[in-house]
Amino acid sequence: MYPYNLLTGRQMIFTDYKEVTPDNVFNILTQGLIDHSIIRAEILWLFEYEAGVQPIFYRKKEIRPEVNIKAVINYARQFTNFKLGYNYGADYTFVQRGRNDYAQSNAGQDDVRIARLNEMCYEVRKTKVDQAVFRDCIICGVGYMAVLPKRDDYYGMAPFDVLHLDPWNTFIIYTNDAYKRPLMAVTYNVRRDGVRVITAYTKDQIYIGDAFEVTYNAEDGEEARTWRTNGFEVVPNAFGRIPIVECLYSENRQGAWEPVIPLMDALAMCQSDRLNDVAQYVQSLLWMNDVQLDETQKAGLTNGGLIITKSTADGREAKIAFVNAPLDQSSTQKLVDSIYEQMLEIVGVPGRDDTTGGSTGSAIILASGWQIAESTAKTSLMLADYAEEEALEVMLAIIGNTPGIKDDIKSLSISDVKPHIGRNKTYELSSRVNALAALVNIGIAPQTAITVVDIFDDPQQVALDSAPRINSLLGLADDGSLMVNDTGVEVPPEEVDATLERLADNAWDNYGENKDLLRGVAEV
């Protein structure tokens, strides 16, 4: 049923070599292909599982094997669709990291250059590739994309292509040290004769060739497998970057629903056995005691379903009954509900229970599991951001080495840009904005207040960009000191306090008695 005893995530592939040369490239590839064969089997099994080919279909029933209904409620597909829509349902674009940054770059110029970069990504349909890669991550824990220069003279704006690579045909080999840096990225396709056409990328070279698997007898007499090749063509990598990027769903390299596969199998068995119970009840065996039937009576029972008996002269009474022992459906449903709730909590998917009145919006969000879903989404998006940054480095390298591209975008630095996915975090926006205004008005540092309300993705940069406006509203100078009026005289503290009191009143008009509490905090 399973490719191996336990699925614990896709293992990383390491090599003891510190660099790749034409002399050792095939040794590195051979070991990588051997290690990848295990990962490939796991990935293909997980994709089949998500498609509905699950272990329940291989179940053998010893008692009454003719009644063996095999039913699957495909929770794996349900979880995949939810995670893809909730975590990655919006476009991944690039935004300016900050208008006041350490590099002191021109903010207006950065806006134009980043807008042009996003146009290039739109031109090559990067959003479609992102969706395919993220779906792979949800299912098997890893996904791969390639950013390659266009093969022919390109038209339009983008000098590169963004491609989705199948995770069962792609892997990255890392150095076996504390850095674990990518040493070689490999992708291949399998020909009809079983030969694998391989393209391997390092920072300096591209190796193109084929490899085929052969068997031989090992020293212990067992049959073993290894790889052979007809040689590799070596091409310089002009851009100095490995163009294949690995994206992870979690740090342990597992998919979203991989930890709950045993629970999904248990639910499939429960559902199948409940249907078997119904079928066995309909097809119950008929028990007869002290009953003799001739062939005509047996035929009548089969065709008409009716039998007439009478007691014999010696006092024996005929007994006829169906043999059945139906399941207790109520207890079985409780078991199913318990397993299902545990499964939702582990995967990080909200429940579908109806909410009752009298609860606040925050309480409903917490009780129904949306807070857990948001927490798991943040974790996976951090890893997705890292992959997008790696892809951005390759894009900028290709742009910088392509003639005909305007110099202004060639000077764009990785520190000027950050990936951004437009997920909606504006639920209860009114309450959040009021809380933000109240916290700032009572003297909480803007950066802390912005972090607490959790509206923006980068509280540090938002606080930095917003500091002049916030200080102006609070009657403070840009450095946070008391502001001076037009005659050069400092504004009296009581006027500043009055401004804070007025802004606090405006921010908390809808909070009733909490407004008095706010004033008390401000006085302290």
* Asked: Which residue out of I444, I450, I405, I455 is in a loop (DSSP other than H, G, I, E, B) and without any contact (Cβ under 8 Å) to a residue 24 or more places away in the chain?
  -> I444
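To keep it simple, each residue is scored yes or no on (1) more than 29 Å from K180 (Cβ to Cβ); (2) at pLDDT below 90.
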| position | (1), (2) |
| --- | --- |
| A200 | no, no |
| K203 | no, no |
| E222 | yes, yes |
| V235 | no, no |
| I244 | no, no |
| R253 | no, no |
| D265 | yes, no |
| L293 | yes, yes |
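Considering only residues of region 220-257 that are charged (D, E, K, R) and under 19 Å from R151 (Cβ atoms), which is surrounded by the fewest Cβ atoms within 10 Å (Cβ to Cβ)?
E233
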* **Residue count for region 218-257, restricted to those that are under 26 Å from A377 (Cα atoms) and touching a Leu at 6+ places or on another chain (Cβ under 6 Å)** => 1
* Yes/no for Y179 being part of a loop (DSSP other than H, G, I, E, B) and out of contact with any Asp or Glu (no Cβ under 9 Å at 6 or more places or on another chain) -> yes
* Among the candidates I43, I28, residue that is modelled with pLDDT of 95 or more and assigned to a helix (DSSP H, G or I) -> I43
* To do: Output yes when any residue across region 192-207 is crowded, with 18+ Cβ neighbours inside 10 Å, under 30 Å from E374 (Cβ atoms) and assigned by TED's automatic domain parsing to the domain that holds Y88, and no when none is.
  => no
* **Within region 210-252, tally of residues that are in a loop (DSSP other than H, G, I, E, B) and either out of contact with any helix residue (DSSP H, G or I) (no Cβ under 8 Å at 6 or more places or on another chain) or of a type in the set (A, V, I, L, M) (or both)** => 9
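Among the residues that make up region 57-72, is at least one of them outside any loop (DSSP other than H, G, I, E, B) and at pLDDT 85 or above?
Looking only at region 57-72, we keep the residues that are outside any loop (DSSP other than H, G, I, E, B), and these are 57-58.
Subsequent filtering for residues that are at pLDDT 85 or above retains 57-58.
Within region 57-72, one or more residues are outside any loop (DSSP other than H, G, I, E, B) and at pLDDT 85 or above.
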* Looking at region 386-418, which of its residues are modelled with pLDDT under 90 and under 19 Å from L248 (Cβ atoms)? -> K418
* Structure fact -> Among residues of region 94-141 being modelled with pLDDT under 90 and either outside the structural domain of S250 (by TED's automatic domain parsing) or basic (K, R) (or both), the residue surrounded by the fewest Cβ atoms within 10 Å (Cβ to Cβ) is R99
* **Extreme residue, farthest from the chain's Cα centre (by Cα), among residues of region 267-291 that are of a type in the set (G, A, S) and modelled with pLDDT of 85 or more** => S272
* Specify the residue that is nearest to R225 (Cα to Cα); the eligible residues are those in region 12-25 that are more than 29 Å from the chain's Cα centre (by Cα) and surrounded by 19 or more Cβ atoms within 10 Å (Cβ to Cβ). => V25
* Number of the condition not met by I198 [criteria: (1) in contact with a Phe, Trp or Tyr (Cβ under 6 Å, 6 or more places away or on another chain); (2) in a helix (DSSP H, G or I); (3) of a type outside the set (F, W, Y)] -> (2)
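The values are calculated or read from the model by the stated rules, or taken from the named source; none is laboratory data. Keep in mind the model is a prediction, meaning the values are calculated, not measured. When we count neighbours, we look across all protein chains shown, and the Cβ atoms used for this are built from the backbone with ideal geometry, even at glycine.
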